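Asker: One structure coming up, written as structure tokens, with questions to follow.
The values are calculated or read from the model by the stated rules, or taken from the named source; none is laboratory data. As the structure is a computational prediction, the values presented were derived from the model and not from experiment. As a convention, Cβ positions derive from the backbone with ideal geometry for all residues, glycine included, and neighbour counts pool all protein chains shown.
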Amino acid sequence: MDINFPLILVVLTFATGIIWLGDRLFLRPRREAAWQESGGAVAASGSDGSGSSAVPADEEEQAGPPEPYLVELSRSFFPVLAIVLVLRSFLVEPFQIPSGSMLPTLEVGDFILVNKYAYGLRLPVAGTKIVDIGDPERGDIMVFRYPVDGETNYIKRVVGLPGDRIRYRNKTLYVNGEEVPTRFVARLPPLVMLEEQLGDVEHMIYRDTRNRSGAGENEWVVPDGHYFMMGDNRDNSKDSRFWGMVPDEMVVGKAFLIWMQWPSLTSLPSFDRVGPID
């Protein structure tokens, strides 16, 4: 079962904030008034009969009724949770690559950073765009929520923009009737590595020579407000060829940096692949 971390973060932030603010505005004044009426202020002064206080001055200033544990916990955690929520929701969010569908660009175990504001500011959890900053461009590597369940995070490359006509035939990609340029780079049996140019973006893709015909061959027209996504590992990627287009409300952000490589807990993390994502 996938854990909805954004929802948990939002709930914890609001819960700790409400507890802290409610205590500050309503409960704390009542607690202090009751404490003073009960003589707590005199007892806390620690007078020894000689007119001098047995309690240091800084402790005297802090003397007061004990704070409930839940309030103390909320007061400590709320600022931290709020900062994490803002950073993760509107600026940068980390992800780990779980599969090889984006090989050779992204490897299993790559830890990446995703720009959350490149395509506009969105509300956490709901994903509703509240500030329009920019739109995905052809060739971008984009993280989005899987349209089938609306929750699982996927990462693919933007191939088709709204209004584009996409055709995939004989392992060849066509956009608006024009073949997308490719150049042979290397033979890595059973794979062939090619350099592909989508718009202004040049990147590597894999084709599997064991399959004569490409999987998911068809022709599509991208509707308004949607994007056609494909993996760079073309014969080993379940993408828009199989489950359809990605609506704009499912967009999470643009992947821009690999900051660590750690394929499993049984291996050591590596920083050899640190760098920008093409």
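Asker: Here is a check on your reading of the model: is LEU7 modelled with pLDDT under 90 and closer than 30 Å to ARG145 by Cβ?
Answerer: It is true that LEU7 is modelled with pLDDT under 90 and closer than 30 Å to ARG145 by Cβ.
Asker: Just need a number here: residues in the stretch 63-115 that are among the β-branched types (Val, Ile, Thr) and surrounded by 17 or more Cβ atoms within 10 Å (Cβ to Cβ).
Answerer: The total comes to 5.
Asker: Further question: Among (1) hydroxyl-bearing (Ser, Thr, Tyr); (2) in contact with a strand residue (DSSP E or B) (Cβ under 7 Å, 6 or more places away or on another chain); (3) exposed (fewer than 15 other Cβ atoms within 10 Å of the Cβ), there is one condition THR182 misses while meeting the rest; what is its number?
Answerer: With (1) hydroxyl-bearing (Ser, Thr, Tyr); (2) in contact with a strand residue (DSSP E or B) (Cβ under 7 Å, 6 or more places away or on another chain); (3) exposed (fewer than 15 other Cβ atoms within 10 Å of the Cβ) applied to THR182, the lone miss is (3).
Asker: If you don't mind, there's one more thing I want to ask. Filter the stretch 229-249 down to the residues that are out of contact with any Gly (no Cβ under 7 Å at 6 or more places or on another chain), closer than 15 Å to VAL143 by Cβ and not β-branched (Val, Ile, Thr) and list them by number.
Answerer: Listed by number, the residues that qualify are MET229, MET230, GLY231, ASP232, SER240.
Asker: Moving on to the next point. Given the criterion over 23 Å from TYR146 (Cα atoms) and surrounded by 14 or more Cβ atoms within 10 Å (Cβ to Cβ), identify the matching residue among LEU194, LEU173, LEU161, LEU188.
Answerer: LEU194
Asker: While we're on this one: Go through (1) surrounded by 20 or more Cβ atoms within 10 Å (Cβ to Cβ); (2) of a type outside the set (Lys, Arg); (3) at pLDDT below 95 and name the single condition THR152 misses.
Answerer: For THR152, the failing item is (1).
Asker: Please count how many residues of the stretch 124-153 are of a type in the set (A, V, I, L, M) and in contact (Cβ under 8 Å) with a residue 24 or more places away in the chain.
Answerer: 5
Asker: Report, by residue number, each residue of the stretch 175-213 that is of a type outside the set (A, V, I, L, M, F, W, C), closer than 22 Å to LEU161 by Cβ and either not in a strand (DSSP E or B) or not assigned by TED's automatic domain parsing to the domain that holds ARG241 (or both).
Answerer: Within the stretch 175-213, ASN176, GLY177, PRO181, GLY199, ASP200 qualify.
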